[in-house]
Each structure stands twice: as structure tokens, then as C-alpha cells.
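Below is one structure, written out as C-alpha cells; comments come after it.
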Amino acid sequence: MKQMFIGGRWLGARDGRSMPVVDPSTGQEFDQVARGGAHEVDLAVAAARASQSGAWGRMNATERGRILMKIGQAVLDHADELAKLEAKDTGKPMATAKNDINVLARYFEFYGAAADKVHGESIPFLNGHQVTLVREPLGVTAHIIPWNYPAQMLGRTVAPALAMGNGVVLKPAEDTSLSALRVAELAVAAGLPEGALNVVTGLGEEAGAALAGHPDIDFISFTGSNEVGALVQQAAAKSAVKCTLELGGKSPQIVFDDVDADRAVPIIVRAIIQNAGQTCTAGSRLLVQRSAYERIVGRVAEAFAKVRVGTPEMDLDCGPVMNPAQLSRVNRYVEKARASNLKVLAEGRIADGVASGGYWVKPVLFGGVPRDHVIACEEVFGPVLAAFAFEDEADAIALANGTPYGLLAAVWTENAGRLHRVAKAVKAGQVFMNCYGAGGGVELPFGGTKRSGHGREKGLIALDEMSTTKTLVHFHG
Ligand code: NAD
């Protein structure tokens, strides 16, 4: 049984409760993890608060940065172990898990190196005054993350918060606590003072809600579904704390008839298949100019039919989906598409020999999808690609912007003017031109527009989100 990590110590739930840890490739339980609640959240918030007046709060930025870089190195030193843990916990292929761990290390390296490069400003003001703007930690930062990329999400949200000197409380998703617990242990071994990073494991409606609604936190970083994001924002409003919301997406891949198809097709397929489609930035809508629709969609279908699904050890294109709820969610969308007689252009294949209890979904490409169909508008969060035809640039933009989401978009054309016009007109936090950026991109500011959320993570901009300013006005005559 895995315990929580609070104030530098391992702790079980006060009432002794725990939750199962299940392997998505088999559906079998292989461990238990403590099921924390309001009491453990209280302890973690108190430990994070105490860190602010202890060794962590007194540490200068260079020393903080050095510790973060040591954590990055510790992650790399334990990369195989962490990748195996992550693959077992999520079902993802080993190559994907290894990449995730590498990205986790990159977050600690990037923000470690940046910690002492956050400079203040001097502001011209009235004669006889010197005004200085300094950056300070927010205090106690709460971080609630989803199960799709547990290690990457931890790095993305926790590393910048630590770089700015905050005391952190992390609530991993109930299905995927293992890598967070191991990273917290490695972090303390690398020199992170006790209480600077606390991990409370538990259910969303228990530990998650207690953390979001805690009266002594100063900030919430939430990544997950729109439904829960709305609850978190309400909790933040009650205590008047800032929150960032990284929510869902329905990202368009806009393909014009002059595309370099040899380059584009494998990337287009990977953008939806990666992590079995359970990626907020999954390229789940394929928008192709009508004059090239048959040709391009035909090539995508050919590549799609070669997609193979299997266990982490088989290391194929993708693994199972995360849990039974996710399995029925994806199946429900596929059934709705089939019930509407949408044309199946291609299906991937589940490898022979996988356990029957695993959460297996066959990747599927639907063609000629009506623009108002549920699979055109709602986030499936599975390996389901919907293809549409558009007439011209204006139609492509209207179609791309025709969902409530605005997280990421890709534009594919050899016409540089069109590339930039479309990129400018598309509502998204990131636009990739002749490439696709799902995953990684530690350096690149990231976040949603419209219903995909607000606030920015990744890149140096995250350091602004995870800190506050103080204006010092000095009258010297
Ligand atoms: P989810 O909203 O169900 O859970 C996310 C986290 O919130 C988990 O830790 C969960 O325990 C917690 N939670 C649940 N109920 C809560 C409550 N009442 N109060 C506080 N916390 C609570 O999301 P999920 O199913 O784990 O993840 C899938 C969703 O996440 C998708 O919509 C996906 O697009 C989105 N996502 C977005 C990004 C992004 O960066 N924009 C990245 C990854 C995933």
C-alpha cells in the first residue's frame, strides 16, 4: 500500500481508507494507495505553509534553482524505473512513458535554470521616488492534475511553482498516483526541504474538493475536465484566489490541397493516436480542402489502418484507455457515430494476445462527418478521428472555430501567406504550422482560449502565473 507524502513523511489516511491501483492493460488491481480526504489536505496545506517560513522560504533563487536541477537529474537517473511505473499505471506504450519521464526531467531543468533569472523592474515615478517591482511567491499553491500524462502534468505545474518558492500541495488523479509519490521522494532526497512539496492522494470529490476549497491556499492550478474545472473555479471564487484552468479541446488539423502529404500524413495520424487519443491537444478533427479530400483522407485512412494497440511491453502505437468509465465514454461516442451511419474509413487493430479484461478500444476514422454531429463538437478523449471537407480559406476558419473549444490547431499548406492568415484567424492557445505539437514543448507557452480554459503554463510565462508582484515605493528626497 502506498502512503501519501506530507511534510516530508509518509502518511496513511487517518481513517485507514485506501483505493485500488489498477493496470489498464489487464483490468487487474496490483496495489493500493491511501485515500486521503479533508484531514490530510489540512495537514498538507499546513506543511506547505510552514515551508514558507522555514528553510525553503529563506532559500535564495539560485539555491532553489540548483535543487530543481538536481531533481531533474534524479528523474533521469531513475528514468527506467519511473517509465515502467508510469506505463504500468496508465497502460501507455513504454516508448511514450520514457518520453513522458524525459519531459518531466526537462521541466525541472528548465525551471531550475530559470529560477534566478526572474528579475524585477524599476518604474519611473515622481521626483524623489524610487519604485521597484519585485516578484514574490504566492504562498501555498494547490495543483490538481488528470490521469492522462501524470508525470508530465506534475512537472508542468509543480516545477514552476517550486522555482518561484511556493509551498506546493499536489493532488494527482485517483487512477494515477504512483509517479507523483516517487518523484516527491526523489525530490526530498535531492535536497528539497520537507514541506515544500506535498502529495495528497485521493478521490476528486474528497481530497480534490477539500484542496480546491481550502481557506489557506493562495492559488489553484487545475488541469482536467470542463465540468470539474467549473467547480474548481467556483471554489477559487469563494476564497478569492487566482486559478488557472487547463481544460478540454477539439483541436482541428486544417489541411489545404497543396500540403506536403508525405510529411503531414504520419504526423496527422500520430496527433490523434498518441496516448490512445487521451490528450487534451489531440488532433481529433481532420479538416481537408474538398479538392484534395479523397486523396488526403485516403492516405490518412491507409496509415490509420496500420495503427496497432497493445500492452506497454508490446510498445505499439497506443495502449488501452485509462479506466472502465473512459472505455464506455469512447464506446458511446463510437456507437452514436455508427448509429448515424457515419462512414468508417479505417480502423486500427488490437494486437493478438492482450488480456480480455484490459480497456481496449479500436482506433477509428469517420468520414463525411456532419458539422453538428456530437463527434464533431464534443471531446471524445479517445482514438477517434472525424474527417470533414471544407471549400476555401474562409470556410476552413469557420469550421475550425466552430466548437466551444480553443486549445490547439494545426495548419498544413505550402502557401506561406495562407499559413499565417489562417493561423491568425484560428482561436487557439497554440497554432502549429506544418507540424503538430501534442506533448512536450516545455519552453512553449500553452493554454486555452474559449472553453478550453484560461491562464498559461509551460515556458517562462508560467513563472508569472505562479508568483505575484510587490511594488516598493521609496521616497528618498
Ligand atoms: P477530471 O476533471 O475528472 O479530473 C481531473 C482531476 O480533478 C483529478 O485529479 C480528479 O481527482 C480531480 N477532481 C475530480 N472531481 C473534483 C472535484 N469535485 N473537486 C476538485 N477536484 C476534483 O478529468 P480527467 O478525466 O482526469 O481528465 C480528462 C480531461 O482533462 C479531459 O477533458 C482533457 O481534455 C483534460 N485535460 C486538459 C489538459 C490541458 O492542458 N488543457 C491536459 C490534460 C487533460
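The values are calculated or read from the model by the stated rules, or taken from the named source; none is laboratory data. Not measured: the values here are computed from a predicted model. When we count neighbours, we look across all protein chains shown, and the Cβ atoms used for this are built from the backbone with ideal geometry, even at glycine.
Can you name the strands (runs of 3 or more DSSP E) wholly within the stretch 358-459 that have at least 2 residues being among the small types (Gly, Ala, Ser) and within 30 Å of residue 347 (Cβ to Cβ)?
Because the criterion is at least 2 residues that are among the small types (Gly, Ala, Ser) and within 30 Å of residue 347 (Cβ to Cβ), the strands (runs of 3 or more DSSP E) in the stretch 358-459 that meet it are 384-390, 408-412.
Which residues, counting only those in the stretch 147-162, are assigned to a loop (DSSP other than H, G, I, E, B) and surrounded by 24 or more Cβ atoms within 10 Å (Cβ to Cβ)?
148, 149, listed by residue number.
Of a type in the set (A, V, I, L, M, F, W, C) and in contact with a helix residue (DSSP H, G or I) (Cβ under 7 Å, 6 or more places away or on another chain): does that describe residue 188?
No.
Being buried (at least 20 other Cβ atoms within 10 Å of the Cβ), of a type in the set (A, V, I, L, M, F, W, C) and within 16 Å of the ligand (Cβ to nearest atom) is true for just one of 346, 337, 282, 325. Which residue is that?
Selected residue: 282, the only one of 346, 337, 282, 325 that is buried (at least 20 other Cβ atoms within 10 Å of the Cβ), of a type in the set (A, V, I, L, M, F, W, C) and within 16 Å of the ligand (Cβ to nearest atom).
Right, residue 252: crowded, with 23+ Cβ neighbours inside 10 Å and either hydroxyl-bearing (Ser, Thr, Tyr) or farther than 22 Å from residue 140 by Cα (or both) or not?
yes
May I ask you to list the residues in the stretch 201-227 that are among the small types (Gly, Ala, Ser) and either under 24 Å from residue 2 (Cα atoms) or touching a helix residue (DSSP H, G or I) at 6+ places or on another chain (Cβ under 9 Å) (or both)?
Answer for the stretch 201-227, where residues must be among the small types (Gly, Ala, Ser) and either under 24 Å from residue 2 (Cα atoms) or touching a helix residue (DSSP H, G or I) at 6+ places or on another chain (Cβ under 9 Å) (or both): 202, 204, 207, 208, 209, 210, 212, 213, 221, 224.
What are the pairs, 6+ residues apart or on separate chains, where a residue within the stretch 121-134 that is closer than 15 Å to residue 476 by Cα has its Cβ under 8 Å from a residue that is among the charged types (D, E, K, R)?
Once the first residue is closer than 15 Å to residue 476 by Cα and sits in the stretch 121-134, its partners that are among the charged types (D, E, K, R) give 132/121.
Taking the residues in the stretch 243-255 that are hydrophobic (A, V, I, L, M, F, W, C) and either within 10 Å of the ligand (Cβ to nearest atom) or in a loop (DSSP other than H, G, I, E, B) (or both) as candidates, determine which candidate is nearest to residue 270 (Cα to Cα).
The extreme case among them is 247.
Just one of 35, 9 is in contact with a Lys or Arg (Cβ under 8 Å, 6 or more places away or on another chain) and touching a residue at least 24 places away in the same chain (Cβ under 8 Å); which is it?
Being in contact with a Lys or Arg (Cβ under 8 Å, 6 or more places away or on another chain) and touching a residue at least 24 places away in the same chain (Cβ under 8 Å) holds for just one of 35, 9, which is 35.
Cβ contacts < 6 Å: first residue buried (at least 24 other Cβ atoms within 10 Å of the Cβ), restricted to the stretch 193-206; second residue of a type in the set (Lys, Arg), any location; separation 6+ or different chain. Result?
Matching pairs, first to second residue: 200/171; 202/35.
Would you be able to tell me the number of residues in the stretch 347-371 that are of a type outside the set (Gly, Ala, Ser) and more than 20 Å from residue 253 (Cβ to Cβ)?
8
Any idea which of 240, 196, 230, 236 is more than 8 Å from the ligand (Cβ to nearest atom), within 28 Å of residue 272 (Cα to Cα) and either of a type in the set (A, V, I, L, M, F, W, C) or out of contact with any helix residue (DSSP H, G or I) (no Cβ under 9 Å at 6 or more places or on another chain) (or both)?
Among 240, 196, 230, 236, only 230 is more than 8 Å from the ligand (Cβ to nearest atom), within 28 Å of residue 272 (Cα to Cα) and either of a type in the set (A, V, I, L, M, F, W, C) or out of contact with any helix residue (DSSP H, G or I) (no Cβ under 9 Å at 6 or more places or on another chain) (or both).
Which of the residues spanning the stretch 163-193 are within 15 Å of the ligand (Cβ to nearest atom) and in a loop (DSSP other than H, G, I, E, B)?
Once the filter is applied, which keeps residues that are within 15 Å of the ligand (Cβ to nearest atom) and in a loop (DSSP other than H, G, I, E, B), the stretch 163-193 yields 172, 173, 174, 175, 176, 177.
Name every residue in the stretch 199-220 that is more than 10 Å from the ligand (Cβ to nearest atom) and either not assigned by TED's automatic domain parsing to the domain that holds residue 164 or not β-branched (Val, Ile, Thr) (or both), in order of residue number.
Result: 214, 215, 216, 218, 219.
Within the stretch 153-162, restricting attention to residues that are more than 12 Å from the ligand (Cβ to nearest atom) and out of contact with any Lys or Arg (no Cβ under 8 Å at 6 or more places or on another chain), which residue is nearest to residue 462 (Cα to Cα)?
160
Looking at the structure I just gave you, is residue 112 assigned to a helix (DSSP H, G or I), more than 29 Å from residue 233 (Cβ to Cβ) and not assigned by TED's automatic domain parsing to the domain that holds residue 321?
For residue 112, the condition - assigned to a helix (DSSP H, G or I), more than 29 Å from residue 233 (Cβ to Cβ) and not assigned by TED's automatic domain parsing to the domain that holds residue 321 - is met.
For the structure I just gave you, tell me whether residue 100 is surrounded by 15 or more Cβ atoms within 10 Å (Cβ to Cβ), over 23 Å from residue 246 (Cα atoms) and modelled with pLDDT of 95 or more.
no
Given the structure, is residue 458 assigned by TED's automatic domain parsing to the domain that holds residue 242, modelled with pLDDT of 95 or more and on the phi > 0 side of the Ramachandran plot?
Criteria met by residue 458.
Of the residues that make up the stretch 305-314, is at least one assigned by TED's automatic domain parsing to the domain that holds residue 382, part of a strand (DSSP E or B) and closer than 20 Å to residue 364 by Cβ?
Looking for residues that are assigned by TED's automatic domain parsing to the domain that holds residue 382, part of a strand (DSSP E or B) and closer than 20 Å to residue 364 by Cβ, one finds at least one in the stretch 305-314, hence yes.
Whether any residue in the stretch 460-475 is within 16 Å of the ligand (Cβ to nearest atom), assigned to a loop (DSSP other than H, G, I, E, B) and small (Gly, Ala, Ser) is what I want to check.
no
Given the structure, is residue 359 within 26 Å of residue 447 (Cβ to Cβ), among the hydroxyl-bearing types (Ser, Thr, Tyr) and either more than 16 Å from the ligand (Cβ to nearest atom) or crowded, with 18+ Cβ neighbours inside 10 Å (or both)?
no
Which of the residues belonging to the stretch 371-401 are in contact (Cβ under 8 Å) with a residue 24 or more places away in the chain, away from the ligand (no atom under 16 Å from the Cβ) and surrounded by fewer than 16 Cβ atoms within 10 Å (Cβ to Cβ)?
Hits for the stretch 371-401 are 371, 391, 392.
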